Amino acid sequence: MISKLSISSYVKTCTLLAAVALVMLTSPARAQSPVGVAAVVNDDPISIIDLVERIKLVAVSSNIEMTPQRSNEMAPQILQQLINEKLQMQEAERRGIEVSDEDIARGKSMIEQNAGLPDGMLDTYLTQRQIASGTIENQIRPQVAWQKVLGSMRNEVEISEAEIDDNLERIISNQNKPRNRVQEIFLPVDNPQDSTRVYQTAQEILNALKQGADFAGLARQFSASASAANGGDLGWLYAGEMAGDLQQVVNQLQPGDVSDPVQTIRGYYILKLLDRRVGDTDAVTDTRLDLYQLFVPISGDMPQDQIDAKIAVLQNTRETADSCEAMANVAVDLGSDLSGKMDGISPGELSGPIRQAVGNLDEGTPSNIIRVDGGALMVMICNITEESNLPDRQDIENRLRLERLDILARRKLRELRRQAFIDIRI
């Protein structure tokens, strides 16, 4: 049983929530005091502080400035995500599924790898950005629990040998045709009356992307697809592996382009084309980079002479460093926590300025100095590898099973929402 708030009332409620959240975002003292409950899901509360911290986490993980307007725009979708996570945890608990400390640690490690952070530095990174302790665990826990719920449903999905044969045959026959490396953000429309609201959310996400937000970060926070855990990365797709309407949109994109929201019978997609390749040789290889990042923090209120000194260190390193080991030695001398090595990175996964900086670099050559939010950095390619990515039968079976489980997951979550009592409190 769902609360009887109309969609317009729901949006107004969440706008009020966002206003409260914004006050707390700019007032550390208030952020320490309990200010009430934002929603209740089957007797489990979601506090306003929960909402505030998630808004801050979305801003940091997606590299966007959470202005008052954007806070108002995104608060309804963020609150909906928190409600979904409550339902997922409740279902996991009903099935006797537990999330261990080791599960949380693995989830943090994956986030560090995807974000290019050194091992064990996620908590420090978030603390430096005033994200409350436990916020990231509160997001990881329902994600892990839900994956375990889906794992218990694997026996409900059967993939035949004939299906695998058909997929493999199509992939092999398409090797001479273009293949695309694609990222997605998927926003489901479970009820027709929600279509307008979901489309508005898609537009808000698209606006954030146009202003420099990180696609992978927003995918992890908002996408309802199984690819969300991997930043929305679908990998290399051959012709025919995407639905026809989505394939048509991808065909019109150039590498680096992001599509407008694409409406399908399931919901709305936002697609990003990371790369496109044609030909037999390129069709079975994938470039991966091992990078070293040297980062120096620069705050907005730092005196100019200190800023100049930090930039001078990077400039000197650029002129003298001839290996990633030399870069690492400089990082040790600086005590730079956010410096470190990133292994197995696809060029398409890098942010625009960094991707451009390494585009023509040789191994062992430092890049130009790149100014970023919170500081400046320089990168070096430690190693370049070319890996075959033509899938084997097990890869194909896993992908087909994941697609089926994804459909089952959305169906199950719709069922849980229909059966739940959801009460918006303010």
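The values are calculated or read from the model by the stated rules, or taken from the named source; none is laboratory data. Just so we're clear, the structure is a prediction, and the values are computed from it rather than from any experiment. Because the Cβ atoms are built from the backbone with ideal geometry, glycine has one as well, and the counts that use them run over all protein chains shown. Remember, those area values only see protein heavy atoms, side chains included, never the ligands or the DNA or RNA. Shrake-Rupley method; radii C 1.70, N 1.55, O 1.52, S 1.80 Å.
Scanning the chain for long hydrophobic helices, with DSSP H runs required to stretch 20 angstrom or more by C-alpha along their axis and to average at least 1.0 on the Kyte-Doolittle scale, returns 7-25, 48-62. For the chain, the Kirkwood radius over C-alpha pairs fed into Stokes-Einstein at 20 °C and 1.002 mPa s yields D = 92 µm² per second.
Here the extension length gained between Glu386 and Asp305 equals 24.8 nm, from 0.36 nm per residue of separation less the Cα-Cα distance. The alpha carbon gyration tensor of the stretch 332-426 gives principal lengths a ≥ b ≥ c with a/c of 1.5 or higher and a/b no greater than b/c, which makes the shape oblate. Is the shape of the stretch 49-176 best called rounded, prolate or oblate, per the rule: a/c under 1.5 gives rounded, else a/b larger than b/c gives prolate, else oblate, with a ≥ b ≥ c the square roots of the Cα gyration tensor eigenvalues? Note, shape of the stretch 49-176 comes out prolate. The alpha-carbon atoms of the stretch 43-93 define a convex hull whose volume equals 79 cubic angstrom per residue. Highest mean packing first, where packing is the average number of other Cβ atoms within 10 Å per residue, the peptides 156-163, 267-274, 344-351 line up as 267-274, 344-351, 156-163.
Once a ≥ b ≥ c are taken as the square roots of the eigenvalues of the Cα gyration tensor of the stretch 203-323, is the result rounded (a/c under 1.5), prolate (a/b larger than b/c) or oblate (a/b not larger than b/c)? Oblate is the answer for the stretch 203-323, as a/c is 1.5 or above yet b/c matches or exceeds a/b.
Counting lysine pairs in the chain whose alpha carbons fall under 21 angstrom apart, excluding pairs fewer than 8 residues apart on the same chain, gives 15.
Placing dummy labels 7 Å off each Cα toward the beta-carbon, the span from Lys177 to Asp44 is 4.4 nm. Here the extension length gained between Arg401 and Asp337 equals 19.1 nm, from 0.36 nm per residue of separation less the Cα-Cα distance. Modelled this way, with points 7 Å down the Cα-to-C-beta line, the labels at Gln128 and Ala243 are 4.1 nm from one another. Computing FRET efficiency as 1/(1 + (r/R0)^6) for Ser109 and Ser160, where r is the C-beta to C-beta distance and R0 is 45 Å, gives about 0.80.
Our summary gives the chain a relative contact order of 22 percent, counting only alpha carbon pairs under 8 angstrom and 6 or more residues apart. Think of a 1.4 Å ball rolled over the protein heavy atoms: the chain then has 49 Å² of accessible area per residue. Calculated FRET efficiency, Leu168 to Lys210, Cβ-Cβ distance, R0 = 41 Å: about 0.60 to the nearest 0.05. Of the residues Ala59, Leu237, Leu274, the one whose Cα sits farthest toward the positive end of the charge dipole of the chain, with +1 on the Cβ of Lys and Arg and -1 on the Cβ of Asp and Glu, is Ala59.
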